[in-house]
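J.: Got a structure for you, questions after.
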């Protein structure tokens, strides 16, 4: 079947098998390999992408349900001139990247938290707030596994992004 | 080094962090070659069975290009003891066993073909417990083992001793004996195992895109397995999504993939699913450690006697050699007058373990540090004091012959004891939540480990006519940041901007020999190798600069891309290189160096100074235990580590944090659960790796002892952080609840059981 | 994974689709977090998935207030339950259960209806909804609605009372008895880690307390302790009328034993039956501490 969606700001039309997951569509058909396959079971978060600004595991999302939606992958976060998003900058500066296999998903999930707090002035589960505290960041990142960093520098990187906004 | 350092010691972000943050980095999973086929492996359905296999139906499936079984290949066995057939014939001996492999045009077809392979099994009763495997009249599990031991199911034996054990027993006022059981933990790298093999029929060359962490040993092993010439095999390492020791052994799927490519003449790729990764990638070595230890009336440790039974699994991997490291902890961590060590690795029908960050040391340290607490209790001595009293010291030569030229053990201990004491005051106890504290230290090699004929590393260094520098190093980047440290060293010494330094380290056809990433050796060995090459190259550059500047001196400094004489004459580095190239005697600005650490291969009694230097670390940990649920919450972890010298604080922190959280997982949550040889939790859902929400507060205090042997005084750091963590947590939990823990992980259920047992014991008394 | 898909755009189309599949095999797909996992392992031949993700009807995916109830559409995601102010204020137990469900990414897509209809004995949203004594609004392919108490909705491990031509449209949670009542409401989830857990045992409690400290209504439900989530009726009765701050140690234990009487847990790789009972007793006591 045919689906139409906006991918990293560009209108995209694809012909897919109905059972295709978004992860397969991105990696295998569209060659966007920045989205990483970590487990295919929604447990590790490496394949996280943004759908209409919300972070979602692309391995458990049917590609056909993206019809009419806006998808952002890690490739879409880099600016056209090669400049990086502030979340990416902060990850690099804080030493939050080791093997890097979880990094795309981490970056996008932090981005999702930033969008959520900017739009709704709310940190889910914690009432009205302009920015999350360290524990709320930790909770938000619970679905992104990382084996190298012990998460500390990743949490630091996210915290710095939110402290800047204050 | 008296000169003030400009780059070494600063928090330089990882050299390649940017491409790993933008999705541009190419991992093994991202490789796509023209005409590439997808490989898949059929594993046995039963851990132990005889089988007959029929692939005729599967071969007929459109899109299937090749199917191989043991009958179709002519190979040598693999593994540390060469006791492991790549494809198993007629008999399966563990749940991982590879019995057939398919190459097909798509992943889906390859999977479909696996389902069409018909296998008739005659299930046999396996031996899943090493004690059972040691009994008389049981079958020989591994038919390919050397059989050189008195029992056919013994894979390997280790014996070590120093001092007068019987005398030291007599000198002891208290003796404690305990048996500890350690689980199978797995690496769970975020990228699953992967390989792409590309064989070119016309010239007989095999190109492997492999994430091995020891490319040169791997090249040799692969050649042996496939009966090829090693030099006809070229290994290119894509970006590696996690290592931690898992990629030290060559695993059957790798030669299988090569065989599929050789048979088809096309590139073939094998990617593990996550379930396959849990089932078929290596684990930390499970073992039983029985430790007897004593202390004299002054609180000095007297002796340790150790009996270890390791579950070797069905085949022998590098994991079987972990006793090298285990005995080192027992013989040389804290001052110890006598030590006797026996270890057996026993074949079973379980999966085999491999090497895992720490290499046996977390197991040893857990037993050792638990028993220290018990000894302290026996003689009524403070748990901090007994450790300080027995701590290792500079200049010490241990019973095993390790030379501690520098030693930060005492300072590490003092630091973490002091830091946790402050916190202790805050501790409040109520009925439900109980708090406790625990200490543990560790000793690990800090300057490589000579377990192979050479522990060396080669470097070729080049400066181009534009003033850019290329480091071609034998060492590997597996995410730990070795590229960055090497670039920093070159920048420091040659006065070249970091952005002008390139590191080439992924291609065995190009790079000089190196033994591989293990034993926390890379910064130490590759760093020293690079410094050696820099010295040679500088001599050439100095000569040319002296000529061009009309200077007699040969001692130039290198800053901001210039070579500067003591009289402050200067010339641009790139200009010197151009002059080297274009004026007589026309030479390249290139130098090569092979560094071999001063360490010694140990003798047959396992004695000798096996590493260039040794790393020490201590941790103090506070926990809060919910006695209603058994959940242990780690509150604060203080870690002091003798790192020799901080080369890059940002990367160092990363190693510390990452190691510690793996240690917390080992202590509290992570365990592969088997029943009769079959894995019950092959997924992230039931294999409980910790999440961001579980992260405790980690406070790190680097201790700098400036070891003469290390680059700028640095020691290896990679493995150390996870080694004492489980021990310190166990001590803290025991302290909180006044219970005994002899088994990891300390799951909520085990905690509640221990509490219930304590209650029952009290009632019975 | 091979299947066919039908993506109705509204409830009328949905009912039509269900009617046309009366004699064929189909599954509903909402958030897909459970369904895709299951189908990746094994997809039956000739399966059609009726895709609910593209339904445009607001009533199916919104939270509405009526005089007696708060009605929650079955297609509400867990993350919406977390952020909705009414849920946060009126039913903390439900908000907490939703917030502790899997991960951020899963909560963005996982639905209340999906959690309910999967009917897992450890379903966290089920447990919370049961403590809130919700009722289920069930629609059939003729668009007729009938109500069923939540306790009758679950009939076994992964089994609901839904017939093939029915689907869960919404749940109704009765408003708290008094506006002025203080709530002692929460969700306790037992697992090895702090996150990403499937409950080893769970306990949902929703106590309403008047100004004098008297418990005027109580809902207690337990998960992962029996083939279905259980409402601990006798434990609730025990509490009603008593003062929240006056329980003796013996009374707390009596209460915990009453909760425990609804538990018939199994041993599996995550925990033994012994542990589940032990913990359930302890945390039940903890509710009154």
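J.: Among the numbered conditions (1) closer than 30 Å to residue C:144 by Cα; (2) modelled with pLDDT under 95, tell me where residue C:161 comes up short.
T.: Result: residue C:161 passes all but (2).
J.: Working only within segment C:249-289, note down all residues that are touching a residue at least 12 places away in the same chain (Cβ under 8 Å), over 21 Å from residue B:631 (Cβ atoms) and either surrounded by fewer than 22 Cβ atoms within 10 Å (Cβ to Cβ) or within 10 Å of another protein chain (Cβ to nearest Cβ) (or both). Give the steps one after another, and end with the answer.
T.: Filtering segment C:249-289 down to residues touching a residue at least 12 places away in the same chain (Cβ under 8 Å) leaves C:251-265, C:270-271, C:275-277, C:279-289.
Retained after the next criterion (residues that are over 21 Å from residue B:631 (Cβ atoms)): C:251, C:253-255, C:257-258, C:261-262, C:264.
Result: C:251, C:253, C:254, C:257, C:258, C:261, C:262, C:264.
J.: Is it the case that segment B:485-497 has a residue that's within 30 Å of residue B:208 (Cβ to Cβ), touching a strand residue (DSSP E or B) at 6+ places or on another chain (Cβ under 8 Å), surrounded by 18 or more Cβ atoms within 10 Å (Cβ to Cβ) and free of Cβ contacts under 8 Å to residues at least 60 places away in the same chain? Reasoning before the result, please.
T.: Filtering segment B:485-497 down to residues within 30 Å of residue B:208 (Cβ to Cβ) leaves B:485-487, B:489-490.
Keeping just the survivors that are touching a strand residue (DSSP E or B) at 6+ places or on another chain (Cβ under 8 Å) gives B:486-487, B:490.
Those left that are additionally surrounded by 18 or more Cβ atoms within 10 Å (Cβ to Cβ): B:486-487, B:490.
Those still in the list that are free of Cβ contacts under 8 Å to residues at least 60 places away in the same chain too: B:486, B:490.
Yes, that holds for at least one residue.
Per-residue answers, yes or no, for (1) in contact with a helix residue (DSSP H, G or I) (Cβ under 6 Å, 6 or more places away or on another chain); (2) more than 14 Å from chain B (Cβ to nearest Cβ); (3) touching a residue at least 24 places away in the same chain (Cβ under 8 Å):
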residue: A:23; (1), (2), (3): yes, no, yes
residue: A:35; (1), (2), (3): yes, no, yes
residue: A:53; (1), (2), (3): yes, yes, yes
residue: A:62; (1), (2), (3): no, yes, yes
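J.: If residue B:718 meets every condition in (1) at pLDDT 95 or above; (2) away from chain C (no Cβ under 14 Å); (3) outside any helix (DSSP H, G or I) apart from one, which number is that one?
T.: Status for residue B:718: all satisfied but (1).
J.: Sticking with this one: Exactly one condition in (1) surrounded by 22 or more Cβ atoms within 10 Å (Cβ to Cβ); (2) within 11 Å of chain A (Cβ to nearest Cβ); (3) under 21 Å from residue B:407 (Cβ atoms) is false for residue B:691; which is it?
T.: The failed condition is (3).
J.: Also, I was wondering about something else. Could you please give the count of residues in segment C:83-101 that are modelled with pLDDT under 95 and within 20 Å of residue C:34 (Cα to Cα)?
T.: 0
J.: Criterion first (in contact with a helix residue (DSSP H, G or I) (Cβ under 8 Å, 6 or more places away or on another chain) and assigned to a strand (DSSP E or B)) does residue B:610 satisfy it? Talk me through it step by step, then tell me what you get.
T.: Details: in contact with a helix residue (DSSP H, G or I) (Cβ under 8 Å, 6 or more places away or on another chain): yes; assigned to a strand (DSSP E or B): no.
No; evaluated as a whole, the condition is false for this residue.
J.: Right, here's the next one. Name the residues in segment B:732-753 that are part of a helix (DSSP H, G or I) and within 12 Å of chain C (Cβ to nearest Cβ), would you? Spell out how you get there, then give the answer.
T.: Taking segment B:732-753 first, the residues part of a helix (DSSP H, G or I) are B:732-737, B:748-753.
Result: B:748, B:749, B:750, B:751, B:752, B:753.
J.: Could you please find all residues in segment C:177-213 being within 14 Å of chain A (Cβ to nearest Cβ) and closer than 29 Å to residue C:67 by Cα? Walk me through how you get there before you give the answer.
T.: Start the filter on segment C:177-213 by keeping residues that are within 14 Å of chain A (Cβ to nearest Cβ), which leaves C:186-187, C:189, C:191-198.
Passing the criteria: C:186, C:187.
J.: Does residue C:212 count as buried (at least 19 other Cβ atoms within 10 Å of the Cβ) and not assigned by TED's automatic domain parsing to the domain that holds residue C:93? Before you say what the answer is, go through the steps one by one.
T.: Numbers: buried (at least 19 other Cβ atoms within 10 Å of the Cβ): no; not assigned by TED's automatic domain parsing to the domain that holds residue C:93: yes.
No, not satisfied.
J.: Can I ask one more? Would you kindly identify the helices (runs of 4 or more DSSP H) lying entirely within segment A:82-151 that contain at least 2 residues that are within 14 Å of chain C (Cβ to nearest Cβ), touching a residue at least 60 places away in the same chain (Cβ under 8 Å) and surrounded by fewer than 20 Cβ atoms within 10 Å (Cβ to Cβ)? Talk me through it step by step, then tell me what you get.
T.: Working: elements: A:86-93, A:103-120, A:134-140.
Here the list reads A:103-120.
J.: Does residue A:28 satisfy being within 14 Å of chain B (Cβ to nearest Cβ) and either touching a strand residue (DSSP E or B) at 6+ places or on another chain (Cβ under 6 Å) or within 25 Å of residue A:113 (Cβ to Cβ) (or both)?
T.: On the way: within 14 Å of chain B (Cβ to nearest Cβ): yes; either touching a strand residue (DSSP E or B) at 6+ places or on another chain (Cβ under 6 Å) or within 25 Å of residue A:113 (Cβ to Cβ) (or both): no.
Against the criterion (within 14 Å of chain B (Cβ to nearest Cβ) and either touching a strand residue (DSSP E or B) at 6+ places or on another chain (Cβ under 6 Å) or within 25 Å of residue A:113 (Cβ to Cβ) (or both)), residue A:28 does not qualify.
J.: Can you tell me which residue in segment B:230-253 is nearest to the other protein chains (Cβ to nearest Cβ), limited to those that are under 18 Å from residue B:73 (Cβ atoms) and over 22 Å from the mean Cα position of the chain (by Cα)? Break it down stepwise before answering.
T.: Residues of segment B:230-253 under 18 Å from residue B:73 (Cβ atoms): B:232-233, B:250-253.
Narrowing the set further to residues that are over 22 Å from the mean Cα position of the chain (by Cα) leaves B:232-233.
On the way: B:232: 30, B:233: 25 Å.
Going through the qualifying residues, I end up with B:233.
J.: Among the residues that make up segment B:538-552, is at least one of them crowded, with 16+ Cβ neighbours inside 10 Å and within 30 Å of residue B:205 (Cβ to Cβ)?
T.: Checked segment B:538-552: no residue is crowded, with 16+ Cβ neighbours inside 10 Å and within 30 Å of residue B:205 (Cβ to Cβ).
J.: Which of the residues that make up segment B:613-627 are surrounded by fewer than 24 Cβ atoms within 10 Å (Cβ to Cβ) and either in the same structural domain as residue B:525 (by TED's automatic domain parsing) or touching a helix residue (DSSP H, G or I) at 6+ places or on another chain (Cβ under 7 Å) (or both)? Write out each step before concluding.
T.: We begin by selecting, within segment B:613-627, every residue surrounded by fewer than 24 Cβ atoms within 10 Å (Cβ to Cβ); these are B:624, B:626-627.
Scanning segment B:613-627 gives a single hit, B:627.
J.: Which of the numbered conditions does residue C:229 fail, given that it passes all the others? Conditions: (1) touching a residue at least 60 places away in the same chain (Cβ under 8 Å); (2) away from chain B (no Cβ under 14 Å); (3) more than 21 Å from the chain's Cα centre (by Cα).
T.: (3)
J.: Of B:205, B:170, B:201, which residue is outside the structural domain of residue B:42 (by TED's automatic domain parsing) and surrounded by fewer than 24 Cβ atoms within 10 Å (Cβ to Cβ)? Walk me through it before giving the result.
T.: Working: B:205 fails: outside the structural domain of residue B:42 (by TED's automatic domain parsing); B:201 fails: outside the structural domain of residue B:42 (by TED's automatic domain parsing).
Residue meeting the stated conditions: B:170.
J.: Now a separate question. When you check residue C:104 against the structure, is it crowded, with 23+ Cβ neighbours inside 10 Å, more than 10 Å from chain A (Cβ to nearest Cβ) and over 24 Å from residue C:217 (Cα atoms), yes or no? Let's see the steps before the verdict.
T.: Numbers: crowded, with 23+ Cβ neighbours inside 10 Å: yes; more than 10 Å from chain A (Cβ to nearest Cβ): no; over 24 Å from residue C:217 (Cα atoms): yes.
No, not satisfied.
J.: Right, here's the next one. So, of the residues in segment C:1-24 that are modelled with pLDDT of 95 or more and within 22 Å of residue A:23 (Cα to Cα), which turns out to be farthest from the other protein chains (Cβ to nearest Cβ)?
T.: Residue satisfying both the conditions and the ranking: C:6.
J.: Right, here's the next one. Name the residues in segment B:630-656 that are within 14 Å of chain C (Cβ to nearest Cβ) and buried (at least 24 other Cβ atoms within 10 Å of the Cβ), would you?
T.: Our first condition is that a residue be within 14 Å of chain C (Cβ to nearest Cβ); within segment B:630-656, this holds for B:630-635.
Within segment B:630-656, B:630, B:632, B:634 qualify.
J.: Would you confirm whether any residue within segment B:8-17 is under 30 Å from residue B:644 (Cα atoms), under 28 Å from the mean Cα position of the chain (by Cα) and away from every other protein chain (no Cβ under 14 Å)? Let's see the steps before the verdict.
T.: Just the residues of segment B:8-17 that are under 30 Å from residue B:644 (Cα atoms), to begin with: B:8-17.
Then drop every residue that is not under 28 Å from the mean Cα position of the chain (by Cα), which leaves B:8-17.
Remaining after also requiring away from every other protein chain (no Cβ under 14 Å): B:8-9.
Yes - at least one qualifying residue is present in segment B:8-17.
J.: For residue B:394, are the conditions met, namely being without any contact (Cβ under 8 Å) to a residue 12 or more places away in the chain and not assigned by TED's automatic domain parsing to the domain that holds residue B:216?
T.: Values: without any contact (Cβ under 8 Å) to a residue 12 or more places away in the chain: no; not assigned by TED's automatic domain parsing to the domain that holds residue B:216: yes.
In short, no.
J.: If you scan segment B:254-276, which residues turn out to be under 30 Å from residue B:362 (Cα atoms) and either crowded, with 24+ Cβ neighbours inside 10 Å or over 24 Å from the mean Cα position of the chain (by Cα) (or both)?
T.: Hit for segment B:254-276 is B:254, nothing else.
J.: Which of (1) within 19 Å of the chain's Cα centre (by Cα); (2) surrounded by fewer than 24 Cβ atoms within 10 Å (Cβ to Cβ) is the odd one out, the single condition residue B:342 does not satisfy?
T.: Every condition holds for residue B:342 apart from (1).
The values are calculated or read from the model by the stated rules, or taken from the named source; none is laboratory data. Here the structure is a predicted model, which means the values were calculated and not measured. Counting neighbours? That spans all protein chains shown, and the Cβs are built from the backbone with ideal geometry, glycine included.
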